[in-house]
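Report on one structure; see the data block that follows.
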Number of protein chains: 2
Amino acid sequence: MTVFAIVGHIARTDGGYSLNDLPGSGGRMDVLCRCVNASFFLSHDLRRDVECYLILCGEPAGPKTVKLSGSTIRSLSPDERSAGALIKKALDTVCGNEFREAADGIRVRKGGLERLMTEHTFAVPDEHGADIRKAGTLPDAFLLSDHLNFTEAEELLIKDCPRYSVGPDCLHADHTITVLQNELDRRRSQWT
Amino acid sequence: MTVFAIVGHIARTDGGYSLNDLPGSGGRMDVLCRCVNASFFLSHDLRRDVECYLILCGEPAGPKTVKLSGSTIRSLSPDERSAGALIKKALDTVCGNEFREAADGIRVRKGGLERLMTEHTFAVPDEHGADIRKAGTLPDAFLLSDHLNFTEAEELLIKDCPRYSVGPDCLHADHTITVLQNELDRRRSQWT
């Protein structure tokens, strides 16, 4: 199982955003939708062994955590609106402190990074980290940030996480996930 | 300069598609929009040394070729709608056989793959090709297909193109571009 978690610092935490304006009304929900795409899609197939957490920290009800599970998810297409509609459905679901299913393979609960950090051991992609290609073994859970840097409070939470770099250039979160998936694919298939 | 060209087999060739339905009314224009994103975006920066050609083969006026130039493009955001709106503007521009500018950094002309093949020497990402990481030198122009395979007529045109594989799994075109960019970035910075 591979796990990706992405912090959406201003991502809307109810369904009150427009699919026609994911960047604005969704609080850069477009970034998170592309991360969902990069986490799950193969050509004509879905990665069933992936879980993706979206940690939404924006107005009006943050933080909330949305969990997408490749093993059970349905009705997910590669376009941003498709992921945006699924997330909207989750955020329209009344939830408490435990995950509640909103649709096949998508669940939602209150709470954010602090709790998720107690449940998974994350590595953090970081341009100053160790080269992912040279790492002896790779972690199976990665925590990324959206278009904004981690906050000081988040940096404190993740200060002991190992850091890996995917290359010499600083990439968008979804592109980073794609490169990580490629490295994991190669190792699984003994291509490297 | 790095060049990416993507064939959109059913991509709409006038501006008569809805930004609210890029997959349907746009003839899978969403795929091409994600390829534009993968071609140009770095975190908080644009790759100015990239050109991206979209070869649109759908109704009602195909084929047309849209050229996006990183050196001069403006008003491009990472979300699919942003690229979709720029492409729409190009397709609403009356054009002939030579490129005509529709907005900064985006041009359009009639004609498709056959002509573009006389202007660039393309390599083709192919799951059965040589491993890109093991290639001595890399090409600087890549031709990809959208969600459909190349047609028989296209395969004839590209039969002499070198083929490279990015990994053991068959990826979406935009993910393939992201992995190719990562390999090119690493080589330019002598990271490999």
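The values are calculated or read from the model by the stated rules, or taken from the named source; none is laboratory data. Quick caveat: nothing in here was measured; it's all calculated off a predicted structure. Every residue, glycine as well, gets a Cβ built from its backbone with ideal geometry; the counts of neighbours run over all protein chains shown. The accessibility values were calculated without ligands, DNA or RNA, using every heavy atom of the protein model including side chains. Shrake-Rupley method; radii C 1.70, N 1.55, O 1.52, S 1.80 Å.
A compact table of results
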| quantity | calculated |
| --- | --- |
| Lysine-lysine proximity count for chain B, Cα under 23 Å, sequence distance 8 or more or distinct chains | 10 |
| Relative contact order for chain B, counting Cα pairs under 8 Å that sit 6 or more residues apart, in percent | 24 percent |
| Estimated buried accessible area (total), pair A and B, 1.4 Å, Å² to nearest 100 | 3500 Å² |
| For B:Asp92, residues with placed amide H under 5 Å, excluding near neighbours | B:Gly15 |
| Over region A:124-192 - Rg/Rh using Cα atoms and the Kirkwood inverse-distance radius | 0.97 |
| At 7 Å out from Cα toward Cβ: B:Glu127 inter-copy label distances (nm, ascending) | 3.5 |
| Chain B, helix-only ellipticity at 222 nm - DSSP H runs n ≥ 4, -39,500 (n - 2.57), divided by all residues, nearest 500 | -8000 deg cm²/dmol |
| Alpha carbon Rg of the protein assembly as shown, scaled by the compact-globule rule 2.2 N^0.38 Å | 0.97 |
| Under-5 Å amide H pairs with B:Asp146, H placed in peptide plane, nonlocal only | B:Val7, B:His9 |
| Label point 7 Å beyond Cα of A:Lys134 along Cβ direction - residues of region A:165-184 with amide nitrogen under 13 Å | A:165-168 |
| Convex hull volume of region A:4-45 per residue (C-alpha atoms, cubic angstrom) | 81 Å³ |
| Surface per residue (accessible, 1.4 Å probe) for region B:7-142, Å² | 40 Å² |
| Area accessible to solvent at A:Glu154, 1.4 Å probe radius, in Å² | 20 Å² |
| Amide H contacts under 5 Å for B:Thr2, placed H, 5+ residues apart | B:Val50, B:Glu51 |
| Semi-axis lengths (Å, descending) of the ellipsoid that matches the C-alpha gyration tensor of region A:54-192 | 27, 19, 14 |
| Among B:Gly105, B:Leu22, B:Leu116 - extreme Cα towards positive end, dipole of chain B, charges at beta-carbon | B:Gly105 |
| Listed residues B:Leu19, A:Leu143 arranged by accessible area, highest first, probe 1.4 Å | B:Leu19, A:Leu143 |
